[in-house]
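Student: What follows is a single structure, and I will ask about it in a moment.
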Amino acid sequence: MKTPKTVAELLPARRDLLEFGGLGLAGAAATSLWPLRVGAAEKTNPRGTARNVIYYEFSGAISHVDGFDFKENPATQKDFDVRQLKNGVYLSHFLFPKVEKVMDKVCLLRSLRSHEQVHFRGQYYVQTGRQMNLAFAKEIPAVGSVIASELESRRRPEDTFPTYVSFNLEKGAAGALATGFLPARFAVFDMDPQAALRGMALDQKAIELVEERWRLLEALRKAEAPRMAAFGAEMKTFENFSDTAHRLIGDERWPAAFHVSDEDRARYGKTSVGLSCALARNLLMQDAGTRYIHVCHPGWDHHVRIWDRSAPSNHYKLIEEFDPAFSTLLEDLAKTPSKATPGKSLLDETLVVAMSEFGRTPGDLNHMKGRDHYNPCFPAMFAGAGVKGGLVLGRTNSDGSKCEETGWKRKEQPRIENVVATMYSALGIDWGKEVHGLPSGRTYKYVDELGANGFIPTDEIATIYG
């Protein structure tokens, strides 16, 4: 066997995985040169019921009227076998046999509204919690990066895992977004789960080679320190990434987090999203610093042949991927003891959110036997961290085209901004904060009250807690 001479030869499958999130780093603004001022514009009372958040995105948009806001319609398939659950929700037993069994852990909100109705802008909205404004989009961080920044003070010396991790974000329309005005160390670590499983462990020879190269790099850094200082914060950012990667690959918990047994592969489903959910569970089980995980499940954009099994992609196929992955994730989080809080489970301390960027057109199918984009109403699911399971909030009309009851204390429908506020609140983050002094001269608000048609409420969705 040929002895590897370089780290690149040693780690061809994971070299990219050790570069915190590709686009997340590449697009990061060097705004640490600007003096930023942080303050609170409004009084909030964060709950602090969660240590972690898992955000499951139906990227491309699942059909709400065939799924979690089911409405009998001309396109309802004969094999759906729709049944009424204990909480009054109607759900296809054929499509969601496993999720049906965990709906007692889920609060279902059926009244969301989106500002956007195209994928790139909609997925940008999901990741940032605000509409895209090209005038200063470069300054806007992803929600996960804001969370990583806010939780940095809570990181312990033994926390080596990145705070913000995602799976398959690069396969969505918007890709993995940058850190905006925040330092690049808060970038997302986006992974392809299949690539991640191909090898996250180093044998002893590899470890010795890495340490040898690291000693050489450290010596070069010291020798070149006066000259490199002239490059400022940007060079320091790359050094931080190197330091983080070095600590990460030397932590035995990291390869342990990327071991998925054959039994778990079967339970979660032998799919990309199944592996993503199993790995999300593993990362939280290690309790090594990861606190926000974005699981992107791409491919739900079925304008054509949405229920045609012979089509290359269809809702049957993607629901078959989602059903075991999401249900097993909730089951495992509920039965896994927390390492941080005796007597609690991982689900007790993890807020799980599942939603699309918008819904799909209700009623009959279009002329291509599919459903198009629809933003006036769509559902979201919440579980864990004190959420009241089995609760149903909000109501739409008979065909799912219009919201009739908002499901919270406001007459306006909740938006993605309110989902973001809910995640911040659960993590104990003051969602009323503002950051002043951005390079553009603008103010960044953690939750932006300026919507597409004027001001919108910025509250958390408190009713999910009962």
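Student: Go through the residues of the range 301-314 one by one and say whether even a single one is charged (D, E, K, R), touching a Ser or Thr at 6+ places or on another chain (Cβ under 9 Å) and within 30 Å of A462 (Cα to Cα).
Tutor: No, there is no match, as no residue in the range 301-314 is charged (D, E, K, R), touching a Ser or Thr at 6+ places or on another chain (Cβ under 9 Å) and within 30 Å of A462 (Cα to Cα).
Student: Among (1) under 24 Å from the mean Cα position of the chain (by Cα); (2) touching a residue at least 40 places away in the same chain (Cβ under 8 Å); (3) closer than 26 Å to G60 by Cα, which single condition is T406 missing?
Tutor: That leaves (1) as the condition not met.
Student: Looking only at the range 420-466, count how many residues are touching a helix residue (DSSP H, G or I) at 6+ places or on another chain (Cβ under 9 Å) and of a type in the set (A, V, I, L, M, F, W, C).
Tutor: Within the range 420-466, residues that are touching a helix residue (DSSP H, G or I) at 6+ places or on another chain (Cβ under 9 Å) and of a type in the set (A, V, I, L, M, F, W, C) number 11.
Student: Of the residues P414, P362, only one is buried (at least 21 other Cβ atoms within 10 Å of the Cβ), out of contact with any helix residue (DSSP H, G or I) (no Cβ under 6 Å at 6 or more places or on another chain) and not aromatic (F, W, Y); which?
Tutor: From the options P414, P362, the qualifying one is P414.
Student: When you scan the range 1-86 for strands (runs of 3 or more DSSP E) that lie fully inside it, which ones turn up with 3 or more residues that are at pLDDT 80 or above and of a type outside the set (A, V, I, L, M)? Outline the logic, then answer.
Tutor: On the way: elements: 37-40, 52-58, 82-84.
Result: 52-58.
Student: Could you please tell me which pairs satisfy a Cβ distance under 6 Å, a separation of 6+ or placement on different chains, a first residue in the range 147-164 that is without any contact (Cβ under 8 Å) to a residue 60 or more places away in the chain and outside any loop (DSSP other than H, G, I, E, B), and a second residue that is buried (at least 18 other Cβ atoms within 10 Å of the Cβ) and not β-branched (V, I, T)?
Tutor: The qualifying pairs are S149/L182; S149/F186.
Student: Additional query: Going through the range 365-388 one residue at a time, which ones are surrounded by fewer than 19 Cβ atoms within 10 Å (Cβ to Cβ) and within 17 Å of I461 (Cβ to Cβ)?
Tutor: G386, K388
Student: Does F186 meet the test of being without any contact (Cβ under 8 Å) to a residue 60 or more places away in the chain and touching a Pro at 6+ places or on another chain (Cβ under 8 Å)?
Tutor: Yes; evaluated as a whole, the condition is true for this residue.
Student: Which numbered condition in (1) of a type outside the set (V, I, T); (2) surrounded by 15 or more Cβ atoms within 10 Å (Cβ to Cβ); (3) modelled with pLDDT under 95 is the only one that A135 fails?
Tutor: Here A135 meets the rest and fails (2).
Student: Which members of the range 337-359 meet the condition of being touching a strand residue (DSSP E or B) at 6+ places or on another chain (Cβ under 8 Å), buried (at least 17 other Cβ atoms within 10 Å of the Cβ) and in a loop (DSSP other than H, G, I, E, B)?
Tutor: Answer for the range 337-359, where residues must be touching a strand residue (DSSP E or B) at 6+ places or on another chain (Cβ under 8 Å), buried (at least 17 other Cβ atoms within 10 Å of the Cβ) and in a loop (DSSP other than H, G, I, E, B): S338, L346, L347, E349, E357, F358.
Student: As an exercise: evaluate C296 against (1) in contact with a Leu (Cβ under 9 Å, 6 or more places away or on another chain); (2) in a helix (DSSP H, G or I); (3) not β-branched (V, I, T) and give the number of the one condition it does not meet.
Tutor: The one condition C296 does not meet is (2).
Student: Do we find a residue being under 30 Å from A219 (Cβ atoms), out of contact with any Ser or Thr (no Cβ under 7 Å at 6 or more places or on another chain) and free of Cβ contacts under 8 Å to residues at least 60 places away in the same chain anywhere in the range 253-264?
Tutor: yes
Student: Still on this structure, please answer the following. Could you please find all residues in the range 243-290 being basic (K, R) and either assigned to a helix (DSSP H, G or I) or within 19 Å of S345 (Cα to Cα) (or both)?
Tutor: R247, R253, R265, R267, R281
Student: Also, quick follow-up: Any residue at all in the range 74-97 that's touching a residue at least 60 places away in the same chain (Cβ under 8 Å), surrounded by 20 or more Cβ atoms within 10 Å (Cβ to Cβ) and touching a strand residue (DSSP E or B) at 6+ places or on another chain (Cβ under 6 Å)?
Tutor: No.
Student: A follow-up question, please. Assess whether H297 counts as being touching a residue at least 12 places away in the same chain (Cβ under 8 Å) and out of contact with any Phe, Trp or Tyr (no Cβ under 9 Å at 6 or more places or on another chain).
Tutor: no
Student: Any residue at all in the range 313-327 that's out of contact with any strand residue (DSSP E or B) (no Cβ under 6 Å at 6 or more places or on another chain) and outside any helix (DSSP H, G or I)?
Tutor: Yes, some residue in the range 313-327 is out of contact with any strand residue (DSSP E or B) (no Cβ under 6 Å at 6 or more places or on another chain) and outside any helix (DSSP H, G or I).
Student: Write out, first by first residue and then by second, each pair whose Cβ atoms fall under 6 Å of each other, whose residues are 6+ apart or on separate chains, and whose first residue, in the range 60-73, is under 22 Å from N168 (Cβ atoms) while the second is of a type in the set (S, T, N, Q) and not in a loop (DSSP other than H, G, I, E, B).
Tutor: A61/S356; I62/S356
Student: For the range 261-289, give me each residue that is buried (at least 23 other Cβ atoms within 10 Å of the Cβ) and either over 16 Å from F167 (Cα atoms) or under 12 Å from the mean Cα position of the chain (by Cα) (or both).
Tutor: S276, C277, A280
Student: Going through the range 73-123 one residue at a time, which ones are of a type in the set (S, T, Y) and in contact with a helix residue (DSSP H, G or I) (Cβ under 8 Å, 6 or more places away or on another chain)?
Tutor: T76, S92, S114
Student: Looking only at residues that are of a type in the set (D, E, K, R) and touching a residue at least 12 places away in the same chain (Cβ under 8 Å) in the range 303-319, which one is surrounded by the fewest Cβ atoms within 10 Å (Cβ to Cβ)?
Tutor: Step by step, filter the range 303-319, then rank; the result is D308.
The values are calculated or read from the model by the stated rules, or taken from the named source; none is laboratory data. Remember, predicted model here, so these are calculated numbers, not experimental data. Cβ atoms come from the backbone with ideal geometry, glycine included; neighbour counts cover every protein chain shown.
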